[in-house]
1. With the requirement that a residue be part of a strand (DSSP E or B) and touching a residue at least 40 places away in the same chain (Cβ under 8 Å), what does region 568-598 give you?
2. Inspect all residues belonging to region 405-414 and state whether any of them is outside any loop (DSSP other than H, G, I, E, B), under 19 Å from residue 342 (Cβ atoms) and in contact (Cβ under 8 Å) with a residue 40 or more places away in the chain.
3. Across region 58-75, what is the total count of residues that are in contact with a strand residue (DSSP E or B) (Cβ under 7 Å, 6 or more places away or on another chain) and surrounded by 13 or more Cβ atoms within 10 Å (Cβ to Cβ)?
4. What's the total number of residues in region 230-271 that are under 41 Å from the mean Cα position of the chain (by Cα) and over 17 Å from residue 481 (Cα atoms)?
5. Residues being free of Cβ contacts under 8 Å to residues at least 60 places away in the same chain and crowded, with 17+ Cβ neighbours inside 10 Å: count how many of those fall in region 173-197.
6. Quick one: in region 371-381, which of the residues that are in contact (Cβ under 8 Å) with a residue 12 or more places away in the chain and out of contact with any helix residue (DSSP H, G or I) (no Cβ under 6 Å at 6 or more places or on another chain) is surrounded by the fewest Cβ atoms within 10 Å (Cβ to Cβ)?
7. Tell me which residues, restricted to region 58-95, are in a loop (DSSP other than H, G, I, E, B) and modelled with pLDDT of 95 or more.
8. Name the one entry in 122, 113, 156 that is without any contact (Cβ under 8 Å) to a residue 24 or more places away in the chain and outside the structural domain of residue 490 (by TED's automatic domain parsing).
């Protein structure tokens, strides 16, 4: 039986309906907004898998090409691996719902979202987020709170809820916010140097609308929701836990006061091995359980140190930033490079400048487009001292790269003023917390080293949270362990003028606005300190590009002349490229981009292109080639594809009986344009340029009569 709720958000109707599709799933709904439609499902096992020490939740978001009336490209003509957009959308849903499953629920759970219709105006990631929450709410899968999500934009100074794709082009904010009726759970997005106070207003605006959507999902749950099933919780043997606590003693407290990450980790690992071996006979096959007990004890110890003693692992105060070190220009052949180090987190960042040919081409449901600025983030195993297989780019690497890319986008020059394709690559060489923020700082430095005229330097900082009862402590520049054992990872990037990107994940049920406001203010102060350090390293972007970067010349040609430059089968343009070594790209609007490292070669290529499109001008002199001879004159090619007639009377200042007496086919001739008629026919003169011509005109001029 079908049940649905309909309500208005952002001036458009949204419809959430159950009982129509995927009825064998634990929960399934469709969500429609305009003509965009998603299917969201949840399935879960009632029994946990043995041997797991984590919650096995997977979230998928997949866009079907038929949703936009398209056939996939490629040989196989079917959807392939998830795109960057699909990965980010799945991560946003995952980060929203994961903290809200019961702590002792470890059953295999999967949430799958399909985009089955896309109207090119209403984006579907928000629909999938709402749909996942609704599917879980009406299902029999245990879940603590109903959640929902919205996108916030700002057009002409006015906040807009769920802005359309066309509105986002004009918006200076693009932030996705999710949460429950009580608090905000997740934030992801970017802005154009937004003041913190305006960001808080946007979050409050989002939360007001989240509450409305949660109320509607609750109505749907009341109408058709299933009773939550009884699952087998993970139960720890109390006798085993007591023995582990006894054998651990105060050692975790001692280890957590060791500032060096490797020493601290090695001591904990040795202790775990010792305890496991000591209890092997008494408690068989309990290695995983012992590891989990020690993990929980470790978290309690670290959190107690912070809350009761105001003592962090590396002896910093709550607001202190780790030691900073940075340098630029360390890669001899890269167009720009930087090494940014904060504590035991280090990013090597390189900038490469390319041409329009190097743009990334995107084929998405919204349509085909190109991307001339990109940032790629890599996290190899050695960054944390591990040896494990590298299996391609992980979802985490994609997510961190998109965050860093978004952070720098507002300061990157527009293509019209800087016609380069920009690729930034951040290779993490060491990691102990917040490597994405190191990528932002290193990326900003590398751009300036490359001579890219960015508006301002951008820095990033990761904030943490420890919440015990009513006591809340916000931590600046969190370590990996503080992220792992803490309650929040709140990343904020920006310039001195304001925020450019934000990402917040929490492990508790939600975060109130006042705490977020305080975290943003502490992040602003920390960001200012990092910016001071970065400006001391390189105060502004270099005045000149690297000698190894391409020099780009841009010119405009008449659209009808594009074919003349390209030539039959591309023969003409290939000839210019072969002669000069330059890269040449021509847009449909007649924009020609010439790129080469050799400035002289680029200038030569420009002259060759200009010669191909140049149009004859009256009064201008040209050196041409005689292409055809007739009894009334000679046709001379003065420009590629442009011939003009030199009438026999214009060949010489004296009478010419035969054209062949003056010129033959193939001869070079200097001529002057004396007329261009309405049809574009060009009349030329050789006689006008001959010496003695002016004297002859004086002699032939009529003399005044004598009176």
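The values are calculated or read from the model by the stated rules, or taken from the named source; none is laboratory data. Small disclaimer: the values here were computed from a predicted structure and weren't measured. Using ideal geometry, Cβ is built from the backbone for each residue, glycine included, and neighbour counts are taken over all protein chains shown.
1. 583, 585, 593, 594, 595, 596
2. The answer is yes, given that some residue of region 405-414 is outside any loop (DSSP other than H, G, I, E, B), under 19 Å from residue 342 (Cβ atoms) and in contact (Cβ under 8 Å) with a residue 40 or more places away in the chain.
3. Qualifying residue count for the region: 7.
4. Number of matching residues: 3.
5. Count: 4.
6. Only one residue fits best here, namely 371.
7. 64
8. One residue alone meets the criteria, 156.
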